[in-house]
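Read the structure below first, then the notes.
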Amino acid sequence: MASSRGEILEAFGRHLALQRGRSAHTVRAYTADVADLLHHLDPGADPATATGLPPMDLTTLRAWLAAQQRRGMSRATLARRAAAARTFSRWAHRSGHLPADVGARLRSPRPDQHLPTVLRVPDATALLAVARERATGPVQLRDWAALELLYATGVRVAELTAVDTTDVDLRERTLRVTGKGDKQRVVPFGVPAAEAVQAWLARGRPALVTPASGAALFLGARGARLDPRTVRAVLHRLTALAGVHDIAPHGLRHSAATHLLDGGSDLRSVQELLGHASLATTQRYTHVTPERLRAAYTQAHPRA
């Protein structure tokens, strides 16, 4: 009996997680992308009852991406969806769901090369000062500690919310995080972040902890592990209160990387801190100010 499309998607998700070692976030994103592709190819089908896959070839895959581009989808999202389609096509062919690997020659749109928005150092300082001033209750202590760690370490928000209490070493001031591909790395943080985390652990977390909390470092108001969406909402609210540019948690990651470079860190060290597999990713990720370029040139070039 042929598998339903829902069962095929579930099997694809298990393949991504168990055999490819992809993160839960990537599994969710890729399976959602493929579900959208199948709906585009056969909009009236019910995934729970429709069996097998609808006919697809390179032309239909390109038409799917083109339709999304017309709807205004970003190049980064289009590139991810193309990658999801290629991965699914290869797996579906090997699993016997497709007669050929129709996505093998599907090319991804080039991602936008625009520089990300970052905070200036005084703005980052003002933002964290507001978070500290408001840290009078358990939730506010959590918000302060979370933002301090995001900026101090440059970790992704999903990495931060996945951290357990055992992943924090306040004596050494290091944080162990699990990044993409389940790769672990240890990143340092400074005294301000250590003070915020210590205050959260001493006065904030005990007030929110419940049997459902487990070992999670950061907790939601009801005691469960903190949701990344809550961190985003907190950051948007506090940037408004601080009167600085509105950014998402990834903006703090961009800012941390840029400020490290401006402070004299080398690109390879920043790559290790951010957990990037490629140095080219780190180069695209960071602002390098004209002042830093001029200072580096003046210091290093023999004819400066």
From A216, A212, residue being of a type outside the set (S, T, Y) and either closer than 20 Å to V157 by Cα or surrounded by 13 or more Cβ atoms within 10 Å (Cβ to Cβ) (or both): A216
Filter result for the condition that a residue is touching an Asp or Glu at 6+ places or on another chain (Cβ under 6 Å) and polar (S, T, N, Q), over T258, T239: T239
Verdict on T60 being more than 30 Å from A162 (Cβ to Cβ), touching a helix residue (DSSP H, G or I) at 6+ places or on another chain (Cβ under 9 Å) and part of a helix (DSSP H, G or I): yes
Within region 97-134, tally of residues that are part of a loop (DSSP other than H, G, I, E, B) and either among the charged types (D, E, K, R) or modelled with pLDDT of 95 or more (or both): 7
Within region 219-235, tally of residues that are assigned to a helix (DSSP H, G or I) and surrounded by 14 or more Cβ atoms within 10 Å (Cβ to Cβ): 6
Scan of region 36-55 for residues that are assigned to a helix (DSSP H, G or I) and surrounded by fewer than 17 Cβ atoms within 10 Å (Cβ to Cβ), ordered by number: D36, H39, L41
Exclusive hit being surrounded by fewer than 19 Cβ atoms within 10 Å (Cβ to Cβ), assigned by TED's automatic domain parsing to the domain that holds D164, of a type outside the set (V, I, T) and more than 21 Å from R176 (Cα to Cα), set H250, H245, H259: H245
Filtered residue count, region 65-90, keeping only those that are of a type in the set (A, V, I, L, M, F, W, C) and more than 25 Å from the chain's Cα centre (by Cα): 2
Checking L127 against (1) assigned by TED's automatic domain parsing to the domain that holds A196; (2) more than 30 Å from V191 (Cβ to Cβ); (3) of a type outside the set (S, T, Y), the condition it does not meet: (2)
Test: V209 is of a type in the set (A, V, I, L, M, F, W, C) and either touching a His at 6+ places or on another chain (Cβ under 9 Å) or without any contact (Cβ under 8 Å) to a residue 12 or more places away in the chain (or both): no
Residues of region 18-34 satisfying the condition of being surrounded by 17 or more Cβ atoms within 10 Å (Cβ to Cβ) and of a type in the set (G, A, S): S23, A29
Residue list for region 34-57, restricted to those being in contact with a helix residue (DSSP H, G or I) (Cβ under 7 Å, 6 or more places away or on another chain), of a type in the set (G, A, S) and free of Cβ contacts under 8 Å to residues at least 40 places away in the same chain: A35
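Conditions tested, residue by residue: (1) part of a strand (DSSP E or B); (2) surrounded by fewer than 24 Cβ atoms within 10 Å (Cβ to Cβ); (3) touching a Gly at 6+ places or on another chain (Cβ under 8 Å); (4) without any contact (Cβ under 8 Å) to a residue 24 or more places away in the chain.
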position: L141; (1), (2), (3), (4): no, no, yes, no
position: A146; (1), (2), (3), (4): no, no, no, no
position: A152; (1), (2), (3), (4): no, yes, yes, no
position: A158; (1), (2), (3), (4): no, yes, no, no
position: V177; (1), (2), (3), (4): yes, yes, yes, no
position: G181; (1), (2), (3), (4): no, yes, yes, no
position: V186; (1), (2), (3), (4): yes, yes, no, yes
position: L201; (1), (2), (3), (4): no, yes, no, no
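For every residue, the table says whether it meets (1) in a helix (DSSP H, G or I); (2) touching a His at 6+ places or on another chain (Cβ under 9 Å); (3) touching a residue at least 40 places away in the same chain (Cβ under 8 Å).
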site	(1), (2), (3)
L16	yes, no, yes
H25	yes, no, yes
A66	yes, no, no
G72	no, no, no
A76	yes, no, no
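The values are calculated or read from the model by the stated rules, or taken from the named source; none is laboratory data. Keep in mind it's a predicted model, so treat the numbers as computed, not measured. As a convention, Cβ positions derive from the backbone with ideal geometry for all residues, glycine included, and neighbour counts pool all protein chains shown.
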